[in-house]
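Novice: The structure is given below, and queries will be raised subsequently.
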Amino acid sequence: MELFFRFFSAIFIGICFSWLLRILLFRTGLIFLVKKWWANLEDCFHVYQSFRIPEFNETSQHNHLYRKVSAYLTSLSSLEDSDFTNLITGNKPNDIILRLDSNQTVQDNFLGAKVFWTNEQKGSRNFVLRIRKADKRRILRPYLQHIHTLTADENEQRKGDLKLFMNSKPNNHSDTRWKSIQFKHPSTFDSIAMETDLKEKVKSDLESFLKSKQYYHRLGRVWKRSYLLYGPSGTGKSSFVAAMANFLSYDVYDIDLFKVSDDSDLKFLLLQTTSKSVIVVEDLDRFLIEKSSALSLSALLNFMDGILTSCCAEERVMVFTVNCKEQVEPAILRPGRIDVHIHFPLCDFSAFKNLAINYLGVKDHKLFPQVEEIFQTGASLSPAEISELMIANRNSPSRAIKSVISALQTDGDRRRVSNIGRRLSDCGSRKSVAESIESGGVVCSENTQTGKEFRKLYGFLRMKSNKISQSFDSSPIRKES
Ligand SMILES: Nc1ncnc2c1ncn2[C@@H]1O[C@H](COP(=O)(O)OP(=O)(O)OP(=O)(O)O)[C@@H](O)[C@H]1O
Ligand SMILES: [Mg+2]
């Protein structure tokens, strides 16, 4: 009987103990420590093999597998259970994404095998996959295929999500020179006030570019197209670049030449761009005048030609914006380097009507004849100035148009006087070009006698300055005034 009693009390004590232990382990979280110790102990009896997936390949181009792995890891449920994870907002307003921290490891299970991923960040960024040697033959290929399939679906969903890349100053600690954010510019060709004819020409030019891969290759040319957008400030050049990117569904690489340290840095930046992208250089004229970096003109020309990177200039659209075309080296503007020149003039009456439809929702108004009359006197404002007035008075179209009229009478008059001087260099002119398609591009033929005279003078000045600066092609671009 006593034996029986002892036996039951031992069982009872055992149950109580394990119950208390369970509470201790689970309530305090000690269970995770125990699991970790157990996993470390298990690891001692296995041999692992590691695979590194670097962000860039040996020619400094993006390794697509790196992006896929990055997308795949954010979807792992084990990431939620790991000790430490970064939380980042996603594309949709309520999206929250989990991201591995630097040098953090996360576990995944595939076909009954355990694999480990580490986000290695020692100068360069890599993912390191660790698989048990015993499992490698069985699971490595199917596992990578699994990642590929899952992320392919995701890439399909992401098609509409464009990115804007901006270059940063060279940094010894990082391989990547581009920082990216989501590109959500709402600009479209419809929202830009410009001649319908010209807009359609540009659209069909872009469409035919998209279909011309074989054609370019047959000709032995790099499959790229370059545009020069020129015109006074606030005439819609940057908005037009955004509209182009939206139309093509291409990512945008916005190169700030002031942050490019030298020729090889520019090559490196281009190497790191991806296909299906618009590469933009804003305010090129300002850079050519003000620049003080060691970037040579020949590097800029090679960059435009795509010779140095025939592999990396493919399927790219390059866009250069300038306020004043005359201040740009003629070598930069020659056909082949710039395929299409598009002029962005100050507002005329037809552009004003376009803006009135978009911003005020009015197609016609009793004040329109008065506005037309003022435009006919040569007064003008930039579309940016007019659109600002319209936005400020959007609740009352009459007040908006009156404010445009009074601005045209004051600022516009001032501009008309200053335009007489500026027109010499074709900067700030309201309407001095006629567009025509020539040799595959929209070429603007200038018809002002004064322009020719100015160029003679400009060429003379350049000859003089060239004598001083020797050849521009191999030396850094010098300040020209
Ligand atoms: N042609 C246009 N049609 C509609 N809106 C325009 C037009 N031009 C300018 N705007 C408006 O004016 C603002 C400034 O335009 P944007 O930045 O594109 O001008 P820009 O030519 O790039 O000027 P800058 O030479 O100073 O960079 C934008 O918000 C845009 O909506
Ligand atoms: Mg701009």
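The values are calculated or read from the model by the stated rules, or taken from the named source; none is laboratory data. Quick caveat, the model's predicted, so the values are computed rather than measured. Here Cβ is always computed from backbone atoms with ideal geometry, including for glycine, and neighbour counts include all displayed protein chains. For the accessible areas, the whole protein counts, side chains as well, though only heavy atoms, and no ligand, DNA or RNA atoms are used. Shrake-Rupley method; radii C 1.70, N 1.55, O 1.52, S 1.80 Å.
Novice: What number comes out for the charge environment of V47, summing +1 per Lys or Arg and -1 per Asp or Glu over other residues with Cβ under 14 Å away? Show your work: numbers first, answer last.
Specialist: Working: positive: K114, R130, R132, K133, K136, R137; negative: E42, D43, D135.
So the surrounding residues net to +3.
Novice: Have a look at F247, V222, H148 and report the one farthest towards the positive end of the charge dipole of the stretch 147-274, computed about the Cα centre with Cβ charges (Lys/Arg +1, Asp/Glu -1).
Specialist: The listed residue farthest towards the positive side: V222.
Novice: Ignoring ligands and nucleic acids, what accessible area does C44 show with a 1.4 Å probe (Å², nearest 10)?
Specialist: Looks like 100 Å² after rounding.
Novice: Applying 1/(1 + (r/R0)^6) with R0 = 41 Å to the Cβ-Cβ distance of A10 and S180, what FRET efficiency is obtained, to the nearest 0.05?
Specialist: Details: r = 66 Å, r/R0 = 1.60.
So, using R0 = 41 Å, E works out to roughly 0.05.
Novice: Label the stretch 196-271 by shape, choosing from rounded, prolate and oblate, from the square roots a ≥ b ≥ c of the eigenvalues of the Cα gyration tensor; if a/c is under 1.5 it is rounded, and otherwise prolate applies when a/b is larger than b/c, oblate when it is not.
Specialist: Working: a/c = 2.23, a/b = 1.11, b/c = 2.02.
Since a/c reaches 1.5 but b/c is at least a/b, the shape of the stretch 196-271 is classed as oblate.
Novice: For the stretch 340-354, in order, what is each residue's ³J(HN,Hα) by Karplus, 6.51 cos²θ - 1.76 cosθ + 1.60 with θ = phi - 60°, in whole Hz (x at glycine and Pro)?
Specialist: After applying 6.51 cos²θ - 1.76 cosθ + 1.60, I find 10, 9, 10, 8, 10, x, 5, 5, 10, 5, 5, 5, 4, 4, 4 Hz.
Novice: Next question, about the same structure. Would you work out if the stretch 92-151 is rounded, prolate or oblate? Take a ≥ b ≥ c from the square roots of the eigenvalues of the alpha-carbon gyration tensor; rounded if a/c is under 1.5, else prolate when a/b is larger than b/c, oblate otherwise.
Specialist: Details: a/c = 2.21, a/b = 1.37, b/c = 1.61.
Oblate.
Novice: May I have the pair-distance distribution P(r) for the stretch 40-159, computed from all Cα-Cα distances with 10 Å bins from 0 and rounded to whole percent?
Specialist: 12, 42, 37, 9, 1
Novice: Let me ask you something else. Please sort by residue number the GluC sites (Glu not before Pro) in the stretch 6-89 whose DSSP state is loop and whose Cβ has at most 10 other Cβ atoms within 10 Å.
Specialist: Values: sites: E42, E55, E58, E80; in loops: E55, E58.
Answer in residue order: E58.
Novice: Let me ask another. For L144 and V34, calculate 0.36 nm times their separation in residues minus their Cα-Cα distance, and state this gained length in nm to one decimal. Mind dumping the intermediate values first?
Specialist: On the way: separation 110, 0.36 × 110 = 39.60 nm, distance 3.12 nm.
Roughly 36.5 nm would be gained on extension.
Novice: Here is a follow-up. Rounded if a/c is under 1.5, else prolate if a/b is larger than b/c, else oblate: which is the stretch 165-344, with a ≥ b ≥ c the root eigenvalues of its Cα gyration tensor? It would help to have the intermediate numbers written out before the result.
Specialist: Numbers: a/c = 1.38, a/b = 1.24, b/c = 1.11.
Taking the square roots of the gyration eigenvalues as a ≥ b ≥ c, the stretch 165-344 is rounded.
Novice: At a Förster distance of 41 Å, what's the computed FRET efficiency of S275 paired with N103, Cβ-Cβ distance as r, to 0.05? Working shown, then result.
Specialist: Details: r = 32 Å, r/R0 = 0.77.
So the FRET efficiency works out to roughly 0.85.
Novice: Place a +1 charge on the Cβ of each Lys and Arg in the stretch 1-128 and a -1 charge on the Cβ of each Asp and Glu, then give the dipole magnitude about the Cα centre in debye, rounded to the nearest 20. It would help to have the intermediate numbers written out before the result.
Specialist: Working: 13 positive and 12 negative charges, 23 e Å.
Magnitude of the dipole: close to 100 debye.
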